[in-house]
């Protein structure tokens, strides 16, 4: 279990997560527990030193990158650790939510110019298929 100690405006709450949780799940839980009216927050680590491990993501001091929101905590080295964090409300950011596999919501996709289909131009035939001058017999 990973224990997050969230402190904001002299209010401290403890949130526990398993390795199956993500940063986005943590952000949603903080929004629920603090009854925030926003849709997104940034998490700021206030640990005294970063958490690093070979082959795993770093949990650095300061604002956590938004690009890591959808990764599970098992990709970090956070097992049985207590992490002190705070948050900052963001009203102007819409998080990217990964769709489950097999669900397509893409109506169009970019096709480079070299791969686009061109409308064929109808050409006029200048030959008469039944003419002996255009197509002499063998």
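I need a count of the residues in the range 59-93 that are farther than 21 Å from residue 35 by Cα, in contact (Cβ under 8 Å) with a residue 12 or more places away in the chain and in a loop (DSSP other than H, G, I, E, B).
Final tally of qualifying residues: 10.
When residues of the range 1-37 are filtered for being touching a residue at least 12 places away in the same chain (Cβ under 8 Å), under 16 Å from residue 89 (Cα atoms) and surrounded by 11 or more Cβ atoms within 10 Å (Cβ to Cβ), how many remain? Before the answer, list the steps.
Applying the first criterion (touching a residue at least 12 places away in the same chain (Cβ under 8 Å)) to the range 1-37 yields 1-8, 11, 13, 15-24, 26-27, 29-30, 33-34, 36.
Within this subset, residues satisfying the condition of being under 16 Å from residue 89 (Cα atoms) are 6-8, 11, 23-24, 26-27, 29-30, 33-34, 36.
The next check asks that each one be surrounded by 11 or more Cβ atoms within 10 Å (Cβ to Cβ); those that pass are 6-8, 23-24, 26-27, 29-30, 33-34, 36.
The number of residues fulfilling the criteria is 12.
Go through the range 17-28 residue by residue and tally those that are more than 15 Å from residue 7 (Cβ to Cβ) and assigned to a helix (DSSP H, G or I).
Total satisfying the criteria: 5.
Being under 17 Å from residue 19 (Cα atoms) and either out of contact with any helix residue (DSSP H, G or I) (no Cβ under 9 Å at 6 or more places or on another chain) or at pLDDT 95 or above (or both) is the filter here; which residues of the range 38-58 pass it?
Going through the range 38-58, the residues under 17 Å from residue 19 (Cα atoms) turn out to be 51-53, 55-58.
Matches in the range 38-58: 51, 52, 53, 55, 58.
I'm trying to understand the selection: among the residues of the range 53-64, which are closer than 17 Å to residue 85 by Cβ and surrounded by 13 or more Cβ atoms within 10 Å (Cβ to Cβ)?
Going through the range 53-64, the residues closer than 17 Å to residue 85 by Cβ turn out to be 57-64.
Scanning the range 53-64 gives 57, 58, 59, 60, 61, 64.
Report yes if some residue within the range 94-107 is at pLDDT 65 or above, more than 26 Å from the chain's Cα centre (by Cα) and in a loop (DSSP other than H, G, I, E, B); otherwise report no.
Checking the range 94-107: not a single residue is at pLDDT 65 or above, more than 26 Å from the chain's Cα centre (by Cα) and in a loop (DSSP other than H, G, I, E, B).
Under the condition of being without any contact (Cβ under 8 Å) to a residue 40 or more places away in the chain and not in a strand (DSSP E or B), which residue from the range 38-52 is surrounded by the most Cβ atoms within 10 Å (Cβ to Cβ)?
Among residues in the range 38-52 that are without any contact (Cβ under 8 Å) to a residue 40 or more places away in the chain and not in a strand (DSSP E or B), the one surrounded by the most Cβ atoms within 10 Å (Cβ to Cβ) is 47.
The values are calculated or read from the model by the stated rules, or taken from the named source; none is laboratory data. Owing to the predicted nature of the structure, the values given are computational and were not obtained by experimental measurement. A quick note on method: Cβ atoms are made from the backbone with ideal geometry, for glycine too, and the neighbour counts reach across all protein chains shown.
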